[in-house]
């Protein structure tokens, strides 16, 4: 005759194991559903920059909505567009030139920027997925420079940073650690929008807070009054020529739609999130295995044999 307590205990273990496996599957499904929902919301909230005339608005309403992840959202944002900003192209590992004596072997926040990035971000040798052709970058190839640095050096933060940087209180950790580095911005040229991370300071200036965070125009007078530097990846995605004008604004991480800017880089929030999700699933599976092994260690195979009789 089977022992009731052994049968109940074994059933409980099997149910717990099955429930744990379902929890992992549900977690993975929920994560995918969240991403899909966000992408769908972005598409639903995106419209053309062109204003419809009264005569054409009626017929336009009958047209189907098109998912356009690179168009600006129509919902409220705390960061307004800065329009008609002269923009130049720069890259990791760039040497000095007639236009600028500054080199980009290091950045304002990383003296070994080229090494950290993984090599020279050659502007002439690119791949179809908007990265340097000779290697896979260790940082996001979609990057920009803006003319403000919130740090004095690696151990001190500027006194005005807490007043001018909108997200300072949210992300400040310690003096000398930038809260601006790797923040996301949107860059608009024509009818295309690209998303990139703030990875260096310039062009030319590092203290133009009234322009970067306020309503002023760029203070820089060089290179046609340039107020933004963009990487070769941003250039190629926008179909841009150095010296043209762009619009740009800051964006929060949750405003960034799907695109090639989410693919590469250890500093990329989306690459980091994928790694965290995998770690969570693996951790849960390991915990289930540990519980299973512990139960067998205490009860042995005899209990399973008793249940099967």
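The values are calculated or read from the model by the stated rules, or taken from the named source; none is laboratory data. Small disclaimer: the values here were computed from a predicted structure and weren't measured. Here the Cβ is made from the backbone with ideal geometry for all residues, glycine too, and neighbour counts use every protein chain on show.
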Residue 101, sole failed condition from (1) within 17 Å of residue 204 (Cα to Cα); (2) touching a helix residue (DSSP H, G or I) at 6+ places or on another chain (Cβ under 9 Å): (2)
Hey, among 233, 219, which residue is assigned to a helix (DSSP H, G or I) and modelled with pLDDT of 95 or more? 233
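Report the residue count in the stretch 183-208 for those that are in a loop (DSSP other than H, G, I, E, B) and in contact with a helix residue (DSSP H, G or I) (Cβ under 8 Å, 6 or more places away or on another chain).
Within the stretch 183-208, the subset in a loop (DSSP other than H, G, I, E, B) is 183, 190-191, 202-206, 208.
If we keep only those that are in contact with a helix residue (DSSP H, G or I) (Cβ under 8 Å, 6 or more places away or on another chain) too, we end up with 190.
Final tally of qualifying residues: 1.
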Being modelled with pLDDT of 95 or more and either farther than 19 Å from residue 235 by Cβ or surrounded by 19 or more Cβ atoms within 10 Å (Cβ to Cβ) (or both) is the requirement here; does residue 111 meet it? yes
Residue under question is residue 91, and the condition is that it be modelled with pLDDT of 95 or more, crowded, with 19+ Cβ neighbours inside 10 Å and over 21 Å from residue 226 (Cα atoms); does it hold? no
Restricting the search to the stretch 250-267, which residues are under 13 Å from residue 182 (Cβ atoms), surrounded by fewer than 21 Cβ atoms within 10 Å (Cβ to Cβ) and in contact with a helix residue (DSSP H, G or I) (Cβ under 8 Å, 6 or more places away or on another chain)? 253, 266
Got a sec? Which of 247, 200 is touching a strand residue (DSSP E or B) at 6+ places or on another chain (Cβ under 9 Å), buried (at least 23 other Cβ atoms within 10 Å of the Cβ) and at pLDDT 95 or above? 200
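Here is a yes/no grid of residues against (1) within 18 Å of residue 78 (Cβ to Cβ); (2) surrounded by fewer than 18 Cβ atoms within 10 Å (Cβ to Cβ); (3) in contact with a strand residue (DSSP E or B) (Cβ under 8 Å, 6 or more places away or on another chain):
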{"residue": "140", "(1), (2), (3)": "no, no, yes"}
{"residue": "170", "(1), (2), (3)": "yes, yes, no"}
{"residue": "183", "(1), (2), (3)": "yes, no, yes"}
{"residue": "194", "(1), (2), (3)": "no, no, yes"}
When you go through 103, 75 one by one, which is the residue that is out of contact with any strand residue (DSSP E or B) (no Cβ under 9 Å at 6 or more places or on another chain), at pLDDT below 95, closer than 24 Å to residue 243 by Cα and not in a strand (DSSP E or B)? 103
